Amino acid sequence: MRSTSVATALAVLLGSAALGVVSAGTASAASAVLTTPVGLVADGAVKRVFVADEANGRILATDYNGTLVDLNVGFGDVSGLALSDDGATLYAALPSGHEIVALDAATLEVTSRYDVGAGVAPHEVAFSGGRLWFSYRTQAEDGMHGNLGSVDPAAADPAAAVTLGQLPDEVAPYYNSGLLDADPAAPGLLTYTDSGTSPGAINLLDVSGATPKLVAKTDSGRYSNDIDLVPGTSQVLWNGYRKLDYADGTFTEGSGLTETGWFGDVSPTGQIAEVYDRHVNVYRTGSSTPVRRFDAGSSTMGAVAWAPDSSRLFALAGNADNTYTLKAFADPALSVPALTVNAPSSAPRAKKLTVTGKVTATVPLPAGTPLAVTRTDLESPNGKALPAVTVKGDGTYSFADTPPAGGTVTYKVGYAGDAGHTAATASDKVTVSRAATGLSLNNNGKLYDYGADVKFTAHLGTTYKNRSVRIYADPFGGDKPKKLIKTGKVDSHGNIAAWVDMTRDTAVSAVFDGDARYAPKTVKATAYARVKVSTAVSKHYRTAKIGSTSYYWFHKNTDPVLTTTMTYYPGRKQRLDVQVYYQGTWYATDSEYFPVASNGKSGVRLGAPGESGIRARVRSVYVNGSSGDTVNSTTYGAWKYLYFSN
């Protein structure tokens, strides 16, 4: 039933719908998610946080970041947890088992078990006056009764360590088991309050002696969810938001907080964490206005607990699926400044501009508080510190600056934080103007034969510091990506050149990235490339000239075979044009497209005319678009002349 390693613990958790791992404000797979959490306590001695899942009989331990480090299982139900004053021992109340168990806080190993008796159901536990106190309920002849018991950890025999029925005579037994609270900063004091739905009294007991004695009590007309001792005062915090004074032996109304609460917790230094609805308010000692607010849950919040050094606050944030996530908040009592920076959206370079802003906080920063200012631009990409600016009495500030560089200029304003405030930063951007420079690229619109090596020259005009240009070639067609073919500084004439093998229509671009005073610029030139095309004729019986033109001679019943070789591209077709000569003029008879194979060949049988004396000519053509693609420019092959004789 015991899991000692984190790996085993996680395996158990992943197999349960009751528990999971969730971030405590970060991306870490860390905090426990519970269905019915009880007994949230923080241990300063071992820097751990403990919480039990009542319905699943599990006790979990996390570190101060909320990261799960250990768990123990198999307790049946758990109704409450408490720590010894030295933080070495964790106690858990087990109602169904009628016992209190003691665990080593460093390992979660059970070290002792205290049987409280059959029919006794312990409820809450608290450690005070060197003993563990527990509220409980028993079945008597006249019904159920609640009372107070104790466990003496120093007893040699666990069976003799338990004492029941310790409520003073002035505190009548209640129907329900009571709510308890103790605090190491208030040694020897214990609160006992009815935990039922009926109104009851708040009782403060002195448990430093052999038997508890009543210190103060209220009337019986209070519905109590939570009672917390306020260290360093003669007060308790009732339901997380109202302070009650008990210095004169009776509880009287003291100061209240600005928001109604359900329950809360008081730190050893008197800071209050108050839970209401989906958020937690944090109040500094002596203040009734919250210094911090955590909107932590998507549903009703659960318990909260302070770290003993007040450095952290732990909360059970409710989720929409009726589970609770353990979250950890660092520096919860620090005021969080809200900082704004307002710079012009645009401005001219080398001209003065003004930046304004405001800093607000639940605890205002005093006039004269310095704020750090940093300017980041092309000249200072890692940021340049500017003179600090001070906050005015109303929280506003302003400063002037003359940006030396154009482009995007960022002004960052920051407050370093102090003992009462977190750090804060904010920034705003200004688009600062830059001059335009000239950039040109030759050969735009020119047509070249297939495979021609063409020199593209970019010319860069006046700039500030940057004299580099990049040249890209982007061949038409989706199978060949844009490629950088040259990068470097221009020569003394402002020129830089790159060669392109023109096998396709190609978009060539030159890019200047700009500098602190001149804006970026890109120019493009599109040059065009023909395909390579030739046509071979076969099945003729001779070649001879008619006039000055060479003809392929065929018998009138022979079919000429024409084989076209053309630069291949997937899906490409060649167009075959046929013309016939009649009375001194060539007449077009037909044009038809034929596919080009992957080897670049396209063979066509022309067909025999069956008559002699006929002259014809044929050619192969690539037509941009009509030939099945658009990666080359329209290209006409040479005419081939045919003569049919007897």
Report summary line: The Cα extents of the range 212-267 along the principal axes, largest first and rounded to whole Å, are 31, 27, 20
Requested in this report: Pick out, in residue order, every one of the chymotrypsin sites (Phe, Trp or Tyr not before Pro) in the range 371-458 that is DSSP loop and has at most 11 other C-beta atoms within 10 Å; say none if there are none.
Outcome: none
Query raised in the report: Considering the dipole of the range 255-333 built from charges on the beta carbon (Lys and Arg +1, Asp and Glu -1) around the Cα centre, which of 279, 269, 323 is farthest to its positive end?
Result: 269
Query - Mean Cβ count within 10 Å, highest first, over the residues of peptides 604-613, 108-117 - result: 108-117, 604-613
Report summary line: Phi angles of the range 224-241, converted by Karplus (6.51 cos²θ - 1.76 cosθ + 1.60, θ = phi - 60°) into ³J(HN,Hα) in whole Hz with x for Gly and Pro, give 10, 9, 6, 9, 9, 5, 9, x, x, 9, 9, 9, 10, 9, 9, 6, x, 9
Query raised in the report: Taking Rh as the Kirkwood radius computed over C-alpha pairs, what is the Stokes-Einstein D of the range 338-432 at 4 °C in a medium of viscosity 1.567 mPa s, expressed in µm² per second?
Result: 96
Requested in this report: Go through 535, 297, 608 and say which Cα lies farthest out towards the positive end of the charge dipole of the chain; charges sit on Cβ, +1 for Lys and Arg, -1 for Asp and Glu.
Outcome: 608
Query raised in the report: Hey, what do the phi angles of the range 335-346 turn into as Karplus ³J(HN,Hα) couplings, whole Hz, using 6.51/-1.76/1.60 and θ = phi - 60°, x for Gly and Pro?
Result: 6, 9, x, 9, 10, 10, 10, 10, 10, x, 5, 8
Query raised in the report: Using only the Cα atoms, what convex hull volume per residue in Å³ does the range 442-591 have?
Result: 179
Query raised in the report: Computed FRET efficiency, Cβ-Cβ of residue 638 and residue 429, R0 45 Å: what is it to the nearest 0.05?
Result: 0.15
Query raised in the report: How high is the FRET efficiency from residue 388 to residue 345, r the C-beta distance, R0 22 Å, rounded to 0.05?
Result: 0.35
Report task. For every helix of n ≥ 4 consecutive DSSP H residues, a contribution of -39,500 (n - 2.57) applies; sum these over the chain, divide by its total residues, and give [θ] at 222 nm rounded to the nearest 500 deg cm²/dmol. Result -> -500 deg cm²/dmol
Query raised in the report: Taking 0.36 nm per intervening residue step and subtracting the Cα-Cα distance, what contour gain separates residue 288 from residue 549 on full extension?
Result: 83.0 nm
Query raised in the report: When the Kirkwood radius is taken over all Cα pairs of the range 255-333, what Stokes-Einstein diffusion coefficient follows at 4 °C and 1.567 mPa s, in µm²/s?
Result: 105
Query - Two-site label geometry, residue 449 and residue 587: point separation in nm, points 7 Å out along Cα→Cβ - result: 3.6
**Report entry** Karplus-derived HN-Hα couplings along the range 496-504 (A = 6.51, B = -1.76, C = 1.60, θ = phi - 60°), whole Hz, x at Gly and Pro
**Finding:** 8, 10, 9, 9, 10, 7, 7, 9, 8
Report summary line: The FRET efficiency for residue 295 and residue 501, from their Cβ-Cβ distance with R0 = 51 Å and rounded to 0.05, is 0.20
Report summary line: So residue 594 and residue 211, fully extended at 0.36 nm per residue minus their Cα-Cα distance, gain in nm 126.9 nm
Query raised in the report: Which one of 164, 78, 574 is farthest out on the positive end of the charge dipole of the chain, using unit charges on Cβ (Lys, Arg +1; Asp, Glu -1) and the Cα centre as origin?
Result: 574
Requested in this report: In nm, give the distance between the simple-model label positions of residue 485 and residue 372, each being 7 Å from the Cα along the Cα-to-Cβ direction.
Outcome: 4.9
Query raised in the report: If amide H atoms are built 1.01 Å from N in the plane of the peptide, which residues on other chains or at least 5 residues away come under 5 Å of the amide H of residue 222?
Result: 200
Query raised in the report: Using a simple charge model, +1 on the beta-carbon of Lys and Arg, -1 on the beta-carbon of Asp and Glu, nothing else, what dipole does the chain show about its Cα centre, in debye to the nearest 20?
Result: 7600
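Just how many % of Cα pairs in the chain lie over 49 Å apart, if you round to the nearest whole percent?
Distances greater than 49 Å cover 51 percent of the Cα pairs.
All of the numbers you see were taken from the coordinates with simple rules; none came from a lab. Keep in mind that this is a model prediction, so the values were computed, not measured. Here Cβ is always computed from backbone atoms with ideal geometry, including for glycine, and neighbour counts include all displayed protein chains.
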